[in-house]
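**Student:** Dumping the structure here so I can ask a few things about it.
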């Protein structure tokens, strides 16, 4: 009997070792868990704290819009900064800025310092967004990469849910220690102080991560086919029919500039139809979400007069349900396709959105909020995958950046409108407006990607 391990057993054991995350990856996940827990507490109570401090909802809208505006304006300089200081240092700087922002609100929430605090939050969020995925790529390989990214997503959902669940009790406990009401301004400030300490502590795991000496190498047997360019490599500009140049490409001096820019940027400028259709749905969704979704904590407090402990448990349930629902999206898409899944789940979320806003029963509103979050976010990860499948490999970083930018446009404008409506009319018009934006996004996806593909297919069959 041969006692030597078979090739299959060797492969299995090697694969098992490959799925073990290295020390740097585990330390990053610890950092992400501490960061997420603190930010979940801060995010749950921010809107409520601003009101408890005596500020108007219109000022709250200004604060929410300013954070996104600062992130948009400084995105390019912050990209440059990350390239100069390194990914680990950028993650640490992001956590420091977040901590300073939260501590400023806890320490002295004057108008000027509140504006400075949300500006720091916008900078910190941008630094994290441009640093975390490349950091995970650098500290994983082909065998562990999916595991690391999945673990990161699980931490984002799970830890945020747990932190939100206990956030109300934390604030009540701190209020008791200070001998103040649990929903007083001082209790909110104390809670932000605790969250700020947590954010500073989240930096510690990063200090134990040493610069990796390993350089990722292509996997044997998985190299690109001869005619496929590697990621980041220049590609040929798209073949455009005569006269297809967009008007922007015809402006004086534009052709000279386009000739000196790397592909695929000139192709996008010459023919926006390559990418613009992918931006319409995110743009519409951003306006709907900015009008209402970020203020759902205020809606539940206004409509049902619940405690912050109950509020925390509601949002914990919404977050966890949304996370599990995202796992069901790929299962459905294998049967009906990505874009059909996206359209159907967007449409199915709308009745629950309206049910939440117009049925004044807490249990119904909670159930509707859970269903809305589950349905609407079920297709969100699929949209990025759909966009990437339609995009040349070298163009994917630019396209995903433009899509993420489209998701933020509404937050530059809608928060101030929303808080103005809340103070004068209430939430009812906001639920209607958000439902219309979501319906328009689903219709845009159907017309641009399903109906158009069907028409093109029919035309191709007819021409044969």
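**Student:** Evaluate E = 1/(1 + (r/R0)^6) for residue 448 and residue 149, where r is the Cβ-Cβ distance and R0 equals 41 Å; express this FRET efficiency to the nearest 0.05.
**Tutor:** 0.90
**Student:** Please give the length that would be gained between residue 335 and residue 72 if that part of the chain were fully extended, namely 0.36 nm times their separation in residues minus their C-alpha to C-alpha distance (nm, one decimal). Mind dumping the intermediate values first?
**Tutor:** Details: separation 263, 0.36 × 263 = 94.68 nm, distance 3.80 nm.
Contour length minus the Cα-Cα distance gives 90.9 nm.
**Student:** Here's another thing I want to ask about it. Please compute the Kirkwood hydrodynamic radius of the stretch 275-459 from all pairs of different C-alpha atoms, in Å with one decimal.
**Tutor:** 17.3
**Student:** Based on the alpha-carbon gyration tensor of the stretch 69-124 and its eigenvalue square roots a ≥ b ≥ c, which shape applies: rounded if a/c is under 1.5, prolate if not and a/b is larger than b/c, or oblate?
**Tutor:** Verdict is oblate for the stretch 69-124.
**Student:** Now a separate question. Sorted by mean Cβ packing within 10 Å, highest first, what order do the peptides 409-416, 183-190 take?
**Tutor:** 409-416, 183-190
**Student:** For the stretch 400-449, what does the alpha-carbon gyration tensor say about shape, rounded, prolate or oblate, given a ≥ b ≥ c as the root eigenvalues, a/c under 1.5 as rounded, and a/b over b/c as prolate?
**Tutor:** oblate
**Student:** Using the C-alpha gyration tensor of the stretch 21-209, what are the square roots of 5 times its eigenvalues, in whole angstrom, with the largest one first?
**Tutor:** 30, 20, 13
**Student:** Continuing with this model, one more query. Hey, for a label at residue 79 modelled as a point 7 Å past Cα toward Cβ, could you say which residues of the stretch 398-414 have their backbone N under 16 Å away?
**Tutor:** Answer for the stretch 398-414: 398-408.
**Student:** For a label point 7 angstrom out from the Cα of residue 439 toward its Cβ, which stretches of the stretch 342-363 have the backbone nitrogen within less than 14 Å?
**Tutor:** The answer is 347-355, whose backbone nitrogens lie closer than 14 Å to the label point.
**Student:** Give me the number: length gained by fully extending residue 404 to residue 302, i.e. 0.36 nm times residue separation minus the C-alpha to C-alpha distance, one decimal in nm. Numbers along the way, then the final one.
**Tutor:** Values: separation 102, 0.36 × 102 = 36.72 nm, distance 3.13 nm.
The span from residue 404 to residue 302 would gain 33.6 nm if fully extended.
**Student:** Alpha carbon centre of the stretch 151-177 versus the stretch 285-362: separation in Å?
**Tutor:** Distance between centres, Cα-based: 19 Å.
Read-outs throughout are calculated quantities, based only on the coordinates presented, and are distinct from any laboratory measurement. These numbers were taken from a predicted model, which means no experiment stands behind them. Please note: Cβ atoms are built from the backbone with ideal geometry, for glycine as well, and neighbour counts cover all protein chains shown.
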